[in-house]
Amino acid sequence: MTSDFTGRYIDQARRAQATSGAPGFVASARALALQRFEALGFPQRRKNEAWKYTNVLPLVKVDFDDDVAYPTSDPTALERHARGLLWAKALVVTNGRVDRERVDSLKLPAGVRLERLRDAADAHADVLEAALSRFADQETNPFALLNTAAFHDALILRVAKGVALDEPLCVVHFSGSQRDPSIAHPRLLVVCDESSEATVIEAFVGHSEAPCLTNAVSEVFVGANATINHLHVQWEAPQTAHVSTTNAYVRRDGRYRQQLINLGGSLVRNNVRTLLQGENAECTLNGLSMVRGTQHVDNQTSIEHLVPNGNSWQLYKGVVSDQGTLVFNGRIFVEKDAQKTDAKQQNNNLLLNEGTTINSKPQLEIFADDVKCTHGATVGRLDAEGLFYLRARGIGEAEARNMLTHAFASEVIDACGVDDLAELLSETLRGWLNEG
Amino acid sequence: MLEIKDLHVEVDGKPILRGLSLSVKAGEVHAIMGPNGSGKSTLAHVLAGRDGYQVTAGSIRYQGHDLLELAPEDRAREGLFLAFQYPVEIPGVSNMYFLKAALNAKRVHRGETEVDAFEFLKIARDRAKVLEIDDSMLKRALNEGFSGGEKKRNEIFQMLMLDPLLAILDETDSGLDIDALQVVSRGVNTLRSPENAVIVITHYQRLLNHIVPDFTHVLYNGRIVKSGDKGLALELEERGYGWVEQEFAA
Ligand SMILES: Nc1ncnc2c1ncn2[C@@H]1O[C@H](COP(=O)(O)OP(=O)(O)O)[C@@H](O)[C@H]1O
Ligand SMILES: [Mg+2]
């Protein structure tokens, strides 16, 4: 059955590879990814536990075209489509494509390189082995394999040893189409060498008159003692489905921090996987999902403690209203000799009305015996006492509800580690609330 | 300003207020005293518009409105203010953000322009001084982790910011030491004017040394059973509530 749907995607991937302008080792990795995608097909709810709550078959049946121009290149229109997320030092990517001039015009400090794969594959052959070849060989998520086979412009960001990016680097992915259903495969590779520091924001936005699918993959290599702050802010158009895969690999003493913020889209599925590969590595995976209308948001996280003395923190929050659906599956895996692991997971949800659906599941796989691992989940409603208190001071009911909802959500935003960003995100959230 | 007539209120079918009448005119301060459980907070909550109370008979008119028809926020915008007996902690909302929203809601309601952050801060600093409140309290989350005294002080601070026509203080004095009591009283006395009215709900007489009432009422078993001047408060202080209970036991 599924092969009926994959054919179109396979053809598109073949064409993308033929025009990729990449050297042989890239081509063979991508051919392998395509082969494996073909063999797996799209995930089916009944056969694949990890996709139990999300049915992608109606989505992938759509005749998406991978060669559709984004409706506009006008800067003010883009600004509007980005809903406040087109921040300083931003690279604009439209439907998975980026012009070389745009990349070159970014003024980046010494020791920081940002390039398109098609322009610089040979220079990055060392990391592409892990980022593409091994990925193609080992990744099990069909969407991520499809991205690997079919992306147009992969971006590579490298931060050299000891270099600290003082300003956040922002990549804004626009997805959208004027008429025909369109698919984009944004791909970002971030490689931070030893003791470097960077904040990378990926914003996913767009305006569309037709159904769209954004199928993004980001891989982040965190070197020894490096610190990476990675924001994934998704506010896609209402007709756009968003599937993302983020893999982070953290070496000894490295710190990876991700904030995954979902505000838009129709069907949204995020896969976030962090591998703590070196001792004393740590990660913070925070998430905030604002779900309304008939949105369906499915967040799957996996933190893998592979060696001793790793720390992980996780705070996932969700606000669900109307007929929204929110899924959280948080896997924590602790390898047999990963002793002294300290893992904390918290999932808190706020339901704004009846008729919403929440599925929250911790998935602990612990094979070491000397570990600390705590998890908790809550589902609640807005506090009636608080609501009355605000209203008794003259604040209207809708505003009072928004205020309390914002307060609930800000815990995640305030933890993003960068004050300016927290403020921007806080405003973004207010914008979201006022739109409702 | 406020005219309560024969008010009957139930909670979950249980009668709490049973025929309460009270008339408050501009410029007056009324004290309502009564033993625990007599219905003082119930009256305050019904006036402020809290859910969960069924008014089964009677009426409340406020400034020409049928008060019971107004949403809580509209009552507040029309100048009614309740200082809560138990102020609510609201993590994640800063005191300042909250108060600015409240002040602007009222201003918009009255057809005035909103104040910006700068103007707001000026007013807030000015009022905070009266109550010896530190600036840092403005930045903190609303009542979160505040001590009992800080919460009460914050209620009075909000009152001064919103400049109500009718202020209802529900046991604002309980849990305050003598210094705090004086500061809070000063705040309330700042508000007193021929245009405003205050209802001071209290269990003890001592607050009334600082905020001297024009009238004192004894609330017992859901009814005002005795009204008098400030002398009545002293009498209650001396004799306790026992005699009220004996005299008016249902
Ligand atoms: N929400 C409620 N549910 C049930 N009983 C209530 C509720 N609120 C008040 N009561 C009852 O109403 C009576 C009056 O309470 P209250 O108005 O708080 O008295 P006071 O403030 O004078 O101490 C008490 O018997 C109390 O138990
Ligand atoms: Mg009371």
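Taking B:LEU68 as the residue in question, decide whether it is of a type in the set (A, V, I, L, M) and within 13 Å of ligand 1 (Cβ to nearest atom).
Criteria not met by B:LEU68.
Based on this model, can you work out whether B:LEU99 counts as within 23 Å of A:LEU404 (Cβ to Cβ), part of a helix (DSSP H, G or I), open to solvent by less than 10 Å² (accessible area, probe 1.4 Å) and at pLDDT 95 or above?
Yes; evaluated as a whole, the condition is true for this residue.
Can you confirm whether B:ARG186 is surrounded by 22 or more Cβ atoms within 10 Å (Cβ to Cβ) and out of contact with any strand residue (DSSP E or B) (no Cβ under 9 Å at 6 or more places or on another chain)?
Taking the combined requirement at face value, the residue does not satisfy it.
Which members of the stretch B:10-25 meet the condition of being within 11 Å of B:LEU219 (Cα to Cα) and in contact with a helix residue (DSSP H, G or I) (Cβ under 7 Å, 6 or more places away or on another chain)?
Passing the criteria: B:LEU17, B:LEU20.
Assess whether B:LEU82 counts as being surrounded by 14 or more Cβ atoms within 10 Å (Cβ to Cβ), within 20 Å of A:GLU385 (Cα to Cα) and within 16 Å of ligand 2 (Cβ to nearest atom).
So B:LEU82 passes the test.
Just to check your reading of the model, which residue among A:THR94, A:THR19, A:THR76, A:THR54 is among the hydroxyl-bearing types (Ser, Thr, Tyr) and in contact with a Ser or Thr (Cβ under 8 Å, 6 or more places away or on another chain)?
Selected residue: A:THR94, the only one of A:THR94, A:THR19, A:THR76, A:THR54 that is among the hydroxyl-bearing types (Ser, Thr, Tyr) and in contact with a Ser or Thr (Cβ under 8 Å, 6 or more places away or on another chain).
Restricting attention to the stretch A:386-432, report how many residues are part of a helix (DSSP H, G or I), more than 8 Å from every other protein chain (Cβ to nearest Cβ) and open to solvent by 20 Å² or more (accessible area, probe 1.4 Å).
The qualifying residues number 13.
Take A:LEU382 and decide whether it is within 14 Å of chain B (Cβ to nearest Cβ) and more than 17 Å from A:ARG273 (Cα to Cα).
yes
When the residues of the stretch B:63-79 are narrowed to those that are more than 9 Å from chain A (Cβ to nearest Cβ), farther than 18 Å from B:SER41 by Cβ and not in a loop (DSSP other than H, G, I, E, B), which ends up most open to solvent (accessible area, probe 1.4 Å)?
B:GLU69
Look at A:THR148 and say whether it is assigned to a loop (DSSP other than H, G, I, E, B) and in the same structural domain as A:TYR249 (by TED's automatic domain parsing).
No: the conditions fail for A:THR148.
Listed here are the residues, each with its yes/no results for (1) touching a Ser or Thr at 6+ places or on another chain (Cβ under 7 Å); (2) of a type outside the set (Lys, Arg); (3) within 10 Å of ligand 1 (Cβ to nearest atom).
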residue: B:GLU10; (1), (2), (3): yes, yes, yes
residue: B:LYS25; (1), (2), (3): no, no, no
residue: B:ASN36; (1), (2), (3): no, yes, yes
residue: B:GLY39; (1), (2), (3): no, yes, yes
residue: B:ALA44; (1), (2), (3): no, yes, yes
residue: B:GLY49; (1), (2), (3): no, yes, no
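What single numbered condition from (1) out of contact with any strand residue (DSSP E or B) (no Cβ under 9 Å at 6 or more places or on another chain); (2) among the small types (Gly, Ala, Ser); (3) surrounded by 13 or more Cβ atoms within 10 Å (Cβ to Cβ) fails to hold for A:GLY96?
With (1) out of contact with any strand residue (DSSP E or B) (no Cβ under 9 Å at 6 or more places or on another chain); (2) among the small types (Gly, Ala, Ser); (3) surrounded by 13 or more Cβ atoms within 10 Å (Cβ to Cβ) applied to A:GLY96, the lone miss is (1).
Is it the case that the stretch B:29-45 has a residue that's within 21 Å of A:GLY396 (Cβ to Cβ) and within 16 Å of ligand 2 (Cβ to nearest atom)?
yes
With respect to the numbered conditions (1) open to solvent by less than 10 Å² (accessible area, probe 1.4 Å); (2) farther than 27 Å from A:VAL320 by Cα, which one is the sole condition not fulfilled by A:ILE201?
(2)
What tally of residues in the stretch A:151-189 results from selecting those that are among the basic types (Lys, Arg) and assigned to a loop (DSSP other than H, G, I, E, B)?
2
Residue pairs, Cβ under 7 Å, 6 or more apart or interchain, first in the stretch B:38-49 and away from chain A (no Cβ under 13 Å), second open to solvent by 10 Å² or more (accessible area, probe 1.4 Å) and of a type in the set (A, V, I, L, M, F, W, C). List them.
B:GLY39/B:ILE16; B:THR42/B:ILE16
Among the residues of the stretch B:170-180, are any closer than 22 Å to B:GLU3 by Cβ and either within 16 Å of ligand 1 (Cβ to nearest atom) or part of a loop (DSSP other than H, G, I, E, B) (or both)?
yes
Among B:ALA141, B:ALA117, which is within 14 Å of another protein chain (Cβ to nearest Cβ), open to solvent by less than 60 Å² (accessible area, probe 1.4 Å), small (Gly, Ala, Ser) and farther than 18 Å from B:GLU78 by Cα?
Of B:ALA141, B:ALA117, the one residue that is within 14 Å of another protein chain (Cβ to nearest Cβ), open to solvent by less than 60 Å² (accessible area, probe 1.4 Å), small (Gly, Ala, Ser) and farther than 18 Å from B:GLU78 by Cα is B:ALA141.
Scan the stretch B:189-227 for residues that are touching a strand residue (DSSP E or B) at 6+ places or on another chain (Cβ under 6 Å), open to solvent by 10 Å² or more (accessible area, probe 1.4 Å) and either within 13 Å of ligand 1 (Cβ to nearest atom) or farther than 11 Å from B:VAL29 by Cα (or both) and report the count.
Residues meeting the conditions: 6.
Looking only at the stretch A:318-370, which residues are over 24 Å from the mean Cα position of the chain (by Cα) and of a type in the set (A, V, I, L, M, F, W, C)?
Listed by number, the residues that qualify are A:ALA338, A:LEU352, A:ILE366, A:PHE367, A:ALA368.
The values are calculated or read from the model by the stated rules, or taken from the named source; none is laboratory data. These figures come from a predicted structure and were not determined experimentally. Cβ coordinates were reconstructed from backbone atoms using ideal geometry, including for glycine residues, and neighbour counts include every protein chain displayed. Surface accessibility is based on the protein's heavy atoms, side chains included, excluding ligands, DNA and RNA. Shrake-Rupley method; radii C 1.70, N 1.55, O 1.52, S 1.80 Å.
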